[in-house]
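The values are calculated or read from the model by the stated rules, or taken from the named source; none is laboratory data. Everything quoted here is computed from the prediction, not taken from an experiment. Quick reminder, even Gly has a Cβ in these numbers, built from the backbone with ideal geometry, and neighbours come from all protein chains shown. Side chains included, ligands, DNA and RNA excluded: accessible areas come from the protein's heavy atoms. Shrake-Rupley method; radii C 1.70, N 1.55, O 1.52, S 1.80 Å.
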Amino acid sequence: MNGRRQFMAILRKDLIRELRTREMIISMILFVLLAMVIFHYAFSVKEDADLTYFTGGMLWVTFIFAMLLGLNRSFAQEKDERCLDGLLLCPVDRVTIFLAKTAGNLIFLLIIQVVAVPVFTLFFVSRSYVGDLPQFLVVLLLADLGICALGTLLATISMSTRSRDLLLPIIFLPLIVPVLIAATGATTLIFAEGAGFGDLLARVLFLLGFDAIFMVAAYGTYDFAIGE
Amino acid sequence: MKQLVSAPMLFVGAGIFLIVGLLLAFLYAPIDASTMGYSQKIFFYHAPIAETALVAFGVAFVAAILYLRSQDPKWDRLGVVCVRLGLLFSALVMATGMIWGKAAWGTWWDWEPRLTTFLLVCFLYVAYFVLRSVVEEEERRATFAAVFAIIAFIDVPITFFATRFLPAGMHPTVITTSGTGMPGSMFVSFFISMIGMTLLLVALIRRDLGVEELKDRVADLKNSIGG
Amino acid sequence: MSDPADRRDGATSLEIEVAGLRKTFGRREVLKGLSFSLERGGFLSIFGPNGAGKTTTLRVLATLLTAGAGTVRVAGHDVRDDPMPVRRTIGLISHNPMLYLDLTAHENLRFYADMYGVDDREARITELLERLELSHRRHDVVRTYSKGMRQRLAIARAILHRPRVLLLDEPHSGLDPRAVDILDGLLAEIRDEHTFVMVTHNIAKGLDWGTDLMIIEAGRIVYEHAAGVDHASFSAVYREHVHDGSVL
């Protein structure tokens, strides 16, 4: 039927729900801020230590763990009151559900990044990277897309299992390591030394390829992941 | 394939190739000229084991696709058997790799791309079994496992690429024994070990598949008598 | 009422055709070859003990489960090969309301209207909320609703897209008497517009509504009859076929 209308309907419903309860966003943002404090004490091993080189890694570790919190929530509500059945009864292409859920998770991740990136920068990064902001945003968006697409696919599977939120990190983390490597490398270069698109080319292309490959893989398997 | 060679013959064949490969490695292939010397001989098993592990995961990948297309439980059984064997071989890759690392560089562990990839591969496919263990309903378990086996296998080369070319530090430690510079005698020994190891995999897959089928039959029988 | 494109089934007046339906969960065969059909406008009441396969049958009709073997057609469309038109044709009311508790009644209905591509969305939502006496609470989140109100809203959700076939899975279970009255009133109101399949433990209700009666026991149809059986003789038949004695 009308895929765009269905896509918007699912996205709209998830956003309304989250804006009303705020349970996901608030806990994700608090988690990010707490992680910052914890990282500060974990890594300040000597006085006036410069953590600029570590900030990229801290950020991406934080984002991935925060996303784990969010992914579990985003599907828990579908399972409550059997809403998933209601969704599956609709004449909707399952891939539309995947795309809408991915988009919703991407929006939530971007919201916490809007808070986290300036704060981490303020506390940890000793030089200004304003000139490299466009590159940084490209890396951020590409890595986010990979995290959300793969995360949505795996959260769909884990929500239908007995252990639900316990399973997700175990199946998600080993798969997402390549994104972590590429995103952390690029972010560290940008924060610590400054890097143009040329320096980041390999990593940007890698992230682009990762996103493309797993979008296709999710497209092919999502029917099976979401149930019979 | 089933009746072409009997199962014991496959094991015997694998054994012959592996022993011949080993003998050739020590008696025929040249001793490594650099610092490694005899310790480099482990390569003749290490690399074929790694190759075999990847073959096993590859077969699991194909079985997963076939399962999703047909919903036939036999492909799920093949998938489980292959992932389990692949995991076993991956553990051996790690072990032999670490022994080699200790001999060559004096350290048990180095964040070398291939070893790191296999470490992650181990985590990935252990997760495959964790996933299977938390889904009760059989069709659903097989379906989820198949989806995960597909995603996981796609991730293996991506992980290797990322660990090989993208680390922030940029001091890639590459083991230079494989690839172009391999002398003929070395290649022959290596190749024979590889055939032996692959035959061993096929033999093990067949044996395990038989065990899994029996398990299913037992469960069916138990079920039919209301056990 | 319904989409003109869906009215081309002139060849047959059968709304539901099931032939040789089998379904296994793991090693347990839950449905062992069911065959039945239902005329357009009919009302099929399915009885049977817990675990007999009633709900499984309904979920196969609803495209939520795939059949292991056999063919199932709803409104002329095969549920496995061609599920999308089937999904447009059916509405499901079960004891799970399938509503988002943190959304309002209006937001819930709006969501489902968009999912089904209902063209006159706002008018249809207003009409249904009035009919189900929920207009005054339309902007309250569903979490604050009573069980009966949720069930009424669930009915609105199920008939929102004007389905030709309504599947009811124990719709009376867990309702207070007042809510049962409302549900029955509603069923009476929409009875002429739909074909119904109802799975129920409630023999009185099933006999009241049914034009076709069926008892399923251990995955098989053990009794089929047209309506017009009185309660006492049907109870006797039920006891004769179903030995667990848990119901009634």
Can you report the number of residues in the range C:42-84 which are within 26 Å of C:L153 (Cβ to Cβ) and either outside any helix (DSSP H, G or I) or over 16 Å from the mean Cα position of the chain (by Cα) (or both)? 12
All positions within the range A:113-139 that are surrounded by 16 or more Cβ atoms within 10 Å (Cβ to Cβ) and either at positive phi or in a loop (DSSP other than H, G, I, E, B) (or both): A:V125, A:Y129
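Please go through the range C:75-95 and give me each residue that is facing chain A (nearest Cβ under 7 Å) and either among the hydroxyl-bearing types (S, T, Y) or surrounded by 19 or more Cβ atoms within 10 Å (Cβ to Cβ) (or both), ordered by number.
C:R87, C:R88, C:L92
Every residue in the range A:175-228 that is more than 30 Å from A:L89 (Cβ to Cβ) and in contact with a Ser or Thr (Cβ under 8 Å, 6 or more places away or on another chain), please. First the steps, then the outcome.
Let us first name the residues in the range A:175-228 that are more than 30 Å from A:L89 (Cβ to Cβ), namely A:175-213.
Within the range A:175-228, A:V177, A:P178, A:I181, A:T187, A:T188, A:F191, A:A192 qualify.
Yes or no, residue by residue, for (1) at pLDDT below 90; (2) more than 9 Å from chain C (Cβ to nearest Cβ):
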residue	(1), (2)
A:M1	yes, no
A:F7	no, yes
A:R22	yes, yes
A:D48	yes, yes
A:Y53	yes, yes
A:F65	no, yes
A:K79	yes, yes
A:R94	no, yes
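Against the definition (modelled with pLDDT of 95 or more and surrounded by fewer than 21 Cβ atoms within 10 Å (Cβ to Cβ)), how does A:L110 come out, yes or no?
Values: modelled with pLDDT of 95 or more: yes; surrounded by fewer than 21 Cβ atoms within 10 Å (Cβ to Cβ): yes.
Yes.
Checking the conditions here, which among A:I170, A:I213 is facing another protein chain (nearest Cβ under 7 Å), farther than 19 Å from B:T163 by Cβ and part of a helix (DSSP H, G or I)? Give the steps one after another, and end with the answer.
Numbers: A:I213 fails: farther than 19 Å from B:T163 by Cβ.
Sole residue among the options that is facing another protein chain (nearest Cβ under 7 Å), farther than 19 Å from B:T163 by Cβ and part of a helix (DSSP H, G or I): A:I170.
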Any chance A:T161 is among the hydroxyl-bearing types (S, T, Y) and modelled with pLDDT of 95 or more: no
Which residues, taken from the range C:58-74, are open to solvent by less than 10 Å² (accessible area, probe 1.4 Å) and more than 8 Å from every other protein chain (Cβ to nearest Cβ)? C:L58, C:V60, C:L61, C:V72, C:V74
Search result, residues across the range B:124-168 that are farther than 14 Å from A:S160 by Cβ, over 16 Å from the mean Cα position of the chain (by Cα) and more than 9 Å from every other protein chain (Cβ to nearest Cβ): B:R164
How about the range B:190-227: which of its residues are in contact with a Leu (Cβ under 9 Å, 6 or more places away or on another chain) and farther than 24 Å from B:L85 by Cβ? B:G227
Go through (1) away from every other protein chain (no Cβ under 13 Å); (2) touching a His at 6+ places or on another chain (Cβ under 9 Å); (3) surrounded by fewer than 18 Cβ atoms within 10 Å (Cβ to Cβ) for C:R124 and report which single condition fails. (3)
Conditions (1) hydroxyl-bearing (S, T, Y); (2) touching a residue at least 24 places away in the same chain (Cβ under 8 Å); (3) within 13 Å of chain A (Cβ to nearest Cβ); (4) open to solvent by 10 Å² or more (accessible area, probe 1.4 Å); number of the one not met by C:T144: (2)
Residues that are more than 19 Å from C:N96 (Cα to Cα), at least 1 per element: which strands (runs of 3 or more DSSP E) completely within the range C:153-241 meet that? C:195-199, C:212-217, C:220-226
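Has the range B:158-174 got any residue that is β-branched (V, I, T), at pLDDT 90 or above and under 30 Å from C:G26 (Cα atoms)? Walk me through it before giving the result.
The first filter runs over the range B:158-174 and keeps only residues β-branched (V, I, T), leaving B:158-159, B:163, B:173-174.
In the following step, the residues that additionally are at pLDDT 90 or above were identified as B:158-159.
Within this subset, residues satisfying the condition of being under 30 Å from C:G26 (Cα atoms) are none.
Checked the range B:158-174: no residue is β-branched (V, I, T), at pLDDT 90 or above and under 30 Å from C:G26 (Cα atoms).
How many residues does the range A:12-24 contain that are surrounded by fewer than 18 Cβ atoms within 10 Å (Cβ to Cβ) and assigned to a helix (DSSP H, G or I)?
Residues of the range A:12-24 that are surrounded by fewer than 18 Cβ atoms within 10 Å (Cβ to Cβ), as a first pass: A:12, A:15-16, A:19-23.
Of the ones still in play, those that are also assigned to a helix (DSSP H, G or I) are A:12, A:15-16, A:19-21, A:23.
Final tally of qualifying residues: 7.
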Of all residues in the range C:183-206, count the ones that are among the hydrophobic types (A, V, I, L, M, F, W, C) and open to solvent by 30 Å² or more (accessible area, probe 1.4 Å). 2
Selection over the range A:160-176 where residues are open to solvent by 30 Å² or more (accessible area, probe 1.4 Å) and either β-branched (V, I, T) or touching a residue at least 24 places away in the same chain (Cβ under 8 Å) (or both) yields a count of 5
Set A:G198, A:G185, A:G220: member being touching a residue at least 60 places away in the same chain (Cβ under 8 Å) and either of a type outside the set (A, V, I, L, M, F, W, C) or touching a Leu at 6+ places or on another chain (Cβ under 6 Å) (or both): A:G185
For A:L87, all conditions in the list (1) within 14 Å of chain C (Cβ to nearest Cβ); (2) out of contact with any Asp or Glu (no Cβ under 7 Å at 6 or more places or on another chain); (3) of a type outside the set (K, R) hold save one; what is the number of the exception? (2)
Filter the range B:92-106 down to the residues that are open to solvent by 50 Å² or more (accessible area, probe 1.4 Å) and either touching a Gly at 6+ places or on another chain (Cβ under 7 Å) or closer than 30 Å to B:D208 by Cβ (or both) and list them by number. B:L92, B:M98, B:I99
